[in-house]
Amino acid sequence: MKNIFLIILSFFLVISCEKEIDLDLEDQSGSIVIEGNITDQDGPYYVKITKSVAFTQTNQYPAIENAVVILNDDFGQSESLQYMGNGFYKTNFIEGISGHTYTLQIIAEGKEYFAKSTMPEAVDFEGLEQDSFMVGGETSYTLLPVFTDPQALGNRYLFSYTINNKPKRYFSEFSDNINNGMPNQRPLILPNDDGEDPDDVKVAVGDNIHVEMRCIDNNVYTYYSALLQLMGGGVTPANPPSNISNGALGYFSAHTVKKKSIVIE
């Protein structure tokens, strides 16, 4: 089975050290793939619905058209999403609000799928602090996201960043299982690879790093933790545990978003 991450987020660098999670290694070509996000930023929000392909095939993921896609929350908001083409379905008026639980219902090709995600309260993203260290005579850089974890246990975060506005996106997931209720002490380790692959990056002085901080629920955290573990461990491509019912691949996430940028000095 092709790595579902290739469908969802393209290639990225792994920075993860979480516990092992059992993953399904079976070929699930032809399975439905659902990628849905709703945030506390202004909409519209999108749900993408495609089909997976076998590992031996090229990265062509057929779009699923004519699906019924309904998004609602536990405060009475509800709407049917509009199909936009290429597998994308768009909201028109529903709002993403912290504390609300969102339910995604999809009817496609004679099957019904459900997913729920609760949007956490936003945590203040205060800034970024740069540091560096030497490896083999080369300087590598880190960025410390500055934020204080709330006192209540169970907060989960996803950090993503880009370098110089290039499309490649890097990810790292955090939890508060360590340092609960304290200022963050875990840095993002920026890439230091200038190999022959055109996707390789070596961060240097003057580079502009754009960082996005998401507060995510535990099911979405489990999904990304497994995904990053998989990509970082050299394991055969597999399927991270989805929060969507009826055997669907992918994820549905209601999360907050805060952004910061920094120029490496």
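Any read-out appearing in this document is the output of simple, stated calculations on the displayed coordinates, not a laboratory observation. What you see is a predicted model, and the numbers here were worked out from it, not measured in a lab. Neighbour counts are summed over all protein chains in view; Cβ atoms, including those assigned to glycine, are modelled from backbone coordinates with ideal geometry.
Near Ala152: Cβ cut-off under 11 Å, other residues only, Lys/Arg at +1 and Asp/Glu at -1. The net charge is -3. Full extension of the segment from Asp193 to Asn177, taken as 0.36 nm per residue of separation minus the current Cα-Cα distance, would add 2.7 nm. For region 74-88, putting each phi into the Karplus relation 6.51 cos²θ - 1.76 cosθ + 1.60 with θ = phi - 60° gives couplings of 7, 10, x, 6, 7, 7, 8, 7, 9, 6, 10, x, 6, x, 8 Hz, in residue order, rounded to whole numbers and with x for Gly and Pro. What you get for region 59-170, charging only the Cβ of Lys and Arg (+1) and of Asp and Glu (-1), is a dipole of about 440 debye around the Cα centre. Between amide H atoms placed 1.01 Å from N, distances below 5 Å from Ser132 occur with Thr142, all of them 5 or more places distant or on a separate chain. Note on region 134-201: dipole from Cβ charges, positive end direction compared against Gly181, Tyr157, Val146; the farthest Cα belongs to Gly181. Computing FRET efficiency as 1/(1 + (r/R0)^6) for Phe93 and Ser261, where r is the C-beta to C-beta distance and R0 is 30 Å, gives about 0.45. For Asn37, the residues whose amide H sits under 5 Å from its own are Tyr46, Ser253, ignoring neighbours fewer than 5 places away on the same chain, with H placed 1.01 Å from N.
In order along region 128-136, phi translates into HN-Hα couplings of 9, 10, 8, 8, 8, 8, 9, 9, x Hz, rounded to whole numbers, per the Karplus curve 6.51 cos²θ - 1.76 cosθ + 1.60 with θ = phi - 60° and x for Gly and Pro. Proximity of backbone amide H atoms, modeled 1.01 Å from N, is registered between Asn239 and Asp24 at under 5 Å, excluding neighbours fewer than 5 places apart on the same chain. Full extension of the segment from Thr148 to Asn208, taken as 0.36 nm per residue of separation minus the current Cα-Cα distance, would add 19.2 nm. Taking a label point 7 Å from the Cα of Asp74 along the Cα→Cβ vector, which residues of region 101-119 have an amide N closer than 14 Å to it? From region 101-119, the list is 101-104, 116-119.
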